[in-house]
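Inspection log for the structure reproduced underneath, given as structure tokens.
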Amino acid sequence: MSIRKLGALEGVVLGRASTGLLGQSTRAVSRAVTPSAAYAAAAAAAVATTAAAASPSAEDTAEPSSSAPAAASASARDSAPKRALYMDMQATTPMDPRVLDAMLPYLTSYYGNPHSRTHVYGWETESAVEAARSSVASLIGADSKEIIFTSGATESNNIAIKGIARFQKSKKKHVITSQTEHKCVLDSCRVLQDEGFDVTYLRVQKNGLIDLKELEAAIRPDTVLVSIMAVNNEIGVIQPLAEIGNLCRSRGVLFHTDAAQAAGKIQLDVNAMKIDALSISGHKIYGPKGIGALYIRRKPRVRLEAIQSGGGQERNMRSGTVPAPLVVGLGAACSIAKEVMQYDHKWVSFLSKRLIDGVNAHLPDVVRNGDAAASYPGCVNLSFAYVEGESLLMALKNIALSSGSACTSASLEPSYVLRAIGADEDLAHSSIRFGLGRFTTQAEVDFTIQQCIEHVNRLRDMSPLWEMRQEGIDIKSIQWSQH
Amino acid sequence: MSVAIRCISGRSAGFAMQSPLYASCLASSSSSPSSSSLSSQHTFNTGRRGLASVAAAASPASLPSKRDTLRLYRHLLQTGRKFQDYNYREYSLRFIRDSFHANAGVTNPEQQKALFDKGNASLAMLQRQTTINAMFQHSPLVIE
């Protein structure tokens, strides 16, 4: 197996391993190791170097909370172990205290079932649910009759895609989506394929945006639905929703967008953007987890087949008792988001610029994945060349970050989104996603910048590829040989 | 279904978006003490009665005076500082300051009254939430 297939970055770690194990610096161009030995050596080297290089003065990150008491008593320090900074707002967001304040009465005193029609417990909860519904609707410019509550954006996406497609199964058989969608959208489309639908997965350009001409070419007479997410959760790019909506409306195709990362952060107007279905997630906008919403257009009416059968709640589209406390929380989160959207956007843009400028000022060879302009500033995905992403994440142990989305982080494959935008294999492996939000502070961003610079420099100093780059050797021109 | 429903009050509208009346303080400060009720005159001298008196101080009938506003601002900041969670604490302080500065130029009395009421509601919310926040186990962040 050619060494090139392992990727240049694996070569970096292997090079380090061979230096450590053999006790001599190897500058030879040829590296002959087998993949299994490579992983063992790489793991050992990564652990050894990270432990050795751990800053003695920095407080340790808190261990998982279950072992925190043991750690506190066992450690020589008086103080409890300190927690890492949270810089992963795309995975989830902390709940706003105002949202919790709105929810608590419904978790304690007003516990009625909103569908109970015969007593005050039901009436008061129902009216709270309806008030929340109108808050959610006004965030996206919809009517409250067009909002149904679900368990999250995943369920909303499932209902929208499977429900709309299956309703028109007899006449229309084609669905269009993009390669950078969330896993729930891609998986729903895969299920539709198994049911006999044709699905086109549109490619994205290098900046992460879809090409409208490609979309136009892909639409067929039997296309029922186009599903393109508004803001990507990994690279933060904002798709041209208004243009896509216009195109779909002109061709008589329904347009669904997964706005989990977009709602409450960028301006959305379902009528101006001609969106027919839209998914919202509660825990991405400082609301509670386990709740989401789905907007389904009523004029002209979008019909869909329900997935969950039951008592016919939520206009027969999603049966089940509506969880009043969660819904009230989502409503509060949406009304707060609408009020402070400009303020939050200004703050997040300021922090984002500070982060990017701070990193670029002191570190060369840093690539931002995704379009710099058409991007939500709170999601910054950077690739640090000549540094391995997992090692950098482990080194930045005082900061909670992610490389690739939370859904895919368990696997060792580079993220499919980065692959879809055509990122080099080695750069895809070394990408880190910084998530900034309402509650992020300037001090946290400054700390992150300083830690990034320190650890990236430290890891690069250990990298033979970095040495070669300093000497002016073009890495891509190297012929890696195999013994 | 003619039941008085209190649930609407459960949804706090948000932090204070309040006018400190900096721009119009010279014009209004002379007139506002006379327009405040007698009870509010008392509470100005007995600040130790507690934060609840802030809400009582500017009665619904009267406009909030500059002193009421500054008192509200100070109490909001004091309460916001009580958050154990670093991020909530920093956000509260920043948001309160920025809201007051942003609304410094509001002159419409109805709007001022509305903002003042919203500020009081926010103060009550902050008191509840800072108390709850302190009840649960909290480790400091690495930068604290």
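The values are calculated or read from the model by the stated rules, or taken from the named source; none is laboratory data. This structure is a prediction, so every number in the text was calculated from the model and none was measured. Cβ: placed from backbone, ideal geometry, glycine included. Neighbour counts: every protein chain shown. To get the accessible areas, we keep the full protein, side chains included, count just its heavy atoms, and leave off ligands, DNA and RNA. Shrake-Rupley method; radii C 1.70, N 1.55, O 1.52, S 1.80 Å.
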Considering each residue of segment A:361-377, count those that are among the aliphatic types (A, V, I, L, M) and loosely packed, with under 14 Cβ neighbours inside 10 Å, and give that number. 3
What about A:K274, is it of a type outside the set (V, I, T), in contact with a His (Cβ under 8 Å, 6 or more places away or on another chain) and either away from chain B (no Cβ under 14 Å) or touching a residue at least 12 places away in the same chain (Cβ under 8 Å) (or both)? no
What number of residues in segment A:225-240 are under 21 Å from A:P377 (Cα atoms), touching a helix residue (DSSP H, G or I) at 6+ places or on another chain (Cβ under 8 Å) and either β-branched (V, I, T) or open to solvent by less than 10 Å² (accessible area, probe 1.4 Å) (or both)? 6
Does at least one position in segment A:241-252 carry a residue that is modelled with pLDDT of 95 or more, among the small types (G, A, S) and buried (at least 18 other Cβ atoms within 10 Å of the Cβ)? yes
From the residues in segment A:197-224 that are part of a loop (DSSP other than H, G, I, E, B) and free of Cβ contacts under 8 Å to residues at least 24 places away in the same chain, which one is surrounded by the fewest Cβ atoms within 10 Å (Cβ to Cβ)? A:P221
Can you list the helices (runs of 4 or more DSSP H) lying wholly within segment A:119-196 that have 1 or more residues being open to solvent by less than 50 Å² (accessible area, probe 1.4 Å) and on the phi > 0 side of the Ramachandran plot? none
Single unsatisfied condition, B:L141 versus (1) more than 9 Å from every other protein chain (Cβ to nearest Cβ); (2) open to solvent by less than 50 Å² (accessible area, probe 1.4 Å): (1)
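This table checks each residue for (1) open to solvent by 20 Å² or more (accessible area, probe 1.4 Å); (2) under 17 Å from A:E390 (Cα atoms); (3) aromatic (F, W, Y).
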residue	(1), (2), (3)
A:I449	no, no, no
A:H455	no, yes, no
A:R458	yes, yes, no
A:D461	yes, yes, no
A:W466	yes, no, yes
A:G472	yes, no, no
A:W480	yes, no, yes
A:H483	yes, no, no
Enumeration of residues in segment A:95-118 that are more than 14 Å from A:A332 (Cα to Cα), out of contact with any Asp or Glu (no Cβ under 6 Å at 6 or more places or on another chain) and outside any helix (DSSP H, G or I): A:S109, A:Y111, A:G112, A:N113, A:H115, A:S116, A:R117, A:T118
Kindly indicate whether any position in segment A:308-318 is part of a helix (DSSP H, G or I) and small (G, A, S). no
Quick one: how many residues across segment B:91-130 are open to solvent by 40 Å² or more (accessible area, probe 1.4 Å), out of contact with any Ser or Thr (no Cβ under 7 Å at 6 or more places or on another chain) and within 11 Å of chain A (Cβ to nearest Cβ)? 4
Does A:A262 qualify as being modelled with pLDDT of 95 or more, open to solvent by less than 10 Å² (accessible area, probe 1.4 Å) and within 17 Å of A:K338 (Cα to Cα)? yes
Of the listed residues (A:A91, A:A132, A:A80, A:A128), the one being at the interface with another protein chain (Cβ under 10 Å from one of its Cβ atoms) and under 30 Å from A:F447 (Cβ atoms) is A:A80
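Quick one: which of A:I244, A:I280, A:I266 is more than 14 Å from the chain's Cα centre (by Cα), more than 16 Å from A:P300 (Cβ to Cβ) and not in a loop (DSSP other than H, G, I, E, B)?
Being more than 14 Å from the chain's Cα centre (by Cα), more than 16 Å from A:P300 (Cβ to Cβ) and not in a loop (DSSP other than H, G, I, E, B) holds for just one of A:I244, A:I280, A:I266, which is A:I244.
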Just to confirm my filter: which helices (runs of 4 or more DSSP H) fall fully inside segment B:11-118 and include at least 2 residues that are at pLDDT below 90 and within 30 Å of B:F136 (Cβ to Cβ)? B:52-57
